[in-house]
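Structure, as structure tokens:
What follows is calculated from the coordinates using simple rules that are stated; it is not laboratory data. On a predicted model such as this, the values are computed, not experimentally measured, just so you know. All Cβ positions, glycine included, derive from the backbone under ideal geometry; neighbour counts span all protein chains shown.
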């Protein structure tokens, strides 16, 4: 891997000076919110279409306990339990910020569901791709993970996601993603390099089940 200034002064194992709980504490104080957990299961909906459908159909209501300055959390019923969902969280840096805040507020499982461009076809779309590894670009911050070619997903989470999709009789494949944060600067050479790494799709958000 070539040397670059972006790799300097990065130590993913070192503790952070600023914790999300501090920001959330001040947000609650300023907004007059009491301390309360968000649902244990939450969803990031970068495209926002799932949130809009749930909201427009009356199936989701705006949460009154989410202290984030930047987003709105909606709650809806999923398999008989309350789940949370946030729309339009686009880009890995923003997604990680929101994810940190969700986990600090009681979220235990976070799933990102979005659309992506197809690099190496594995079938006729539409179909789901459960991401088992993500080709590292600017999408995975070196603050969170040491330099490496791929960010690897937890195999147990990948297998659980595939079983759920198969049980629902939805078309799905396991594959790799290219986590770029420059969707309009994907050059011919960059796409060719990603394709040669067997990436099925390109995405500007978090890979499902990634080990940070």
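Give the relative contact order (percent, whole number) for the range 18-113; include only Cα pairs under 8 Å separated by 6+ residues.
Values: 152 pairs, mean separation 38.2, N = 96.
This gives 40 percent for the range 18-113.
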Quiz prompt | Segments 80-93, 155-168 sorted - mean Cβ within 10 Å per residue, highest first | solution = 80-93, 155-168
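Please state the shape class of the range 1-78: rounded when a/c is under 1.5, otherwise prolate if a/b exceeds b/c and oblate if not, all from the C-alpha gyration tensor. All intermediate terms of the calculation are to be shown ahead of the outcome.
Values: a/c = 3.04, a/b = 1.57, b/c = 1.93.
The shape class here is oblate.
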Quiz item: Between rounded, prolate and oblate, where does the chain land on the alpha carbon gyration tensor, with a ≥ b ≥ c its root eigenvalues, rounded for a/c under 1.5, else prolate if a/b exceeds b/c?
Solution: oblate
Exercise. Give me the percent of DSSP beta bridges within the range 115-207 that run antiparallel, rounded to the nearest 5.
Key: 30
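Arrange the peptides 20-29, 133-142, 105-114 so that the one whose residues have, on average, the most other Cβ atoms within 10 Å appears first. Intermediate values should be presented prior to the final figure.
Values: 20-29: 14.6, 133-142: 20.3, 105-114: 17.7.
With the highest mean Cβ count within 10 Å placed first, the list reads 133-142, 105-114, 20-29.
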Practice problem: Taking every Cα atom in the range 115-207, find the radius of gyration and the maximum pairwise distance Dmax, and write them in Å. | Solution: 13.3, 39
Quiz item: Using a ≥ b ≥ c from the Cα gyration tensor of the range 27-137 (square roots of the eigenvalues), is it rounded, prolate or oblate, where a/c under 1.5 gives rounded and otherwise the larger of a/b and b/c decides, a/b for prolate?
Solution: prolate
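Compare the peptides 70-76, 188-194 by average per-residue count of other Cβ atoms within 10 angstrom and give them in order, highest first.
Working: 70-76: 18.1, 188-194: 13.3.
For the peptides 70-76, 188-194, the packing ranking is 70-76, 188-194.
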